[in-house]
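*Asks:* Below is the structure I would like to discuss, written out as structure tokens.
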């Protein structure tokens, strides 16, 4: 009797090909919406420029949503036509400059706030100018307007240099403070300065967050290393289109159950 399986009619079974990992959805990163004239960091856009950006998105069939809603839609295969909108640092100008434009275009966004500096200013920027941050009532107002509120840590520090105790305060205590303000623990965390490492990402995950936003996460990938596209006053239609077409680095490998279980929220309140 032959021992050759092929001679007996058997064919070797090929292992199934691994499922392709989906590229991260497009997430735009804004900061202050104010006069961009004095802006050494290139993070300020005028209100009319933000309005232009949102109109540009809507004309191309894209709706801006918070990151939590975007990730849930992505997990359900329903993120086509959605783009994430984020506003870092929680500047007070969000309420009177950004929120009206978001409402006008039926969009929502994630506002990453600093609950350790309510009503303070961007003291971490040595070159200025000084810009006011949301007060506690301002954070509540943004949440009541339908915006997702996320944590940017307590006071905007480089978490890769933080001690274990500082890291716990920046992640867990900031989450508890936001929950007290809004009545809901935040889903997302935004790494100050966009910098993080595996230790910081692990602390964010262990604190109970469902995702973490970076800028360019490099070799780290996944929902706790989400890449974002920096948006500035210089971005007109042509630059936005180029940034839209630019490949997004990394892969969205999986979603924690806490993200996938929540319903997606699309569109803003009128």
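Just so you know, all these numbers are worked out from the coordinates, no wet-lab data involved. Worth saying up front: this structure is predicted, and the values here are computed from it rather than measured. All Cβ positions, glycine included, derive from the backbone under ideal geometry; neighbour counts span all protein chains shown.
*Asks:* Go through 163-173, 206-216 and give me the packing order, highest mean Cβ count within 10 Å leading.
*Replies:* The most tightly packed comes first, giving 206-216, 163-173.
*Asks:* Fewest Cβ neighbours within 10 Å first, please rank 67, 113 accordingly.
*Replies:* Ascending number of Cβ neighbours within 10 Å: 67, 113.
*Asks:* Also: For each of 79, 232, 151, count neighbouring Cβ atoms within 10 Å of the residue's Cβ, then give the residues from fewest to most.
*Replies:* Exposure proxy ranking, most exposed first: 232, 79, 151.
*Asks:* Further question: Indicate, rounded to the nearest 5 percent, the antiparallel portion of the DSSP beta bridges found entirely in the stretch 22-260.
*Replies:* Taking every DSSP beta bridge with both residues in the stretch 22-260, the antiparallel ones total about 10 percent.
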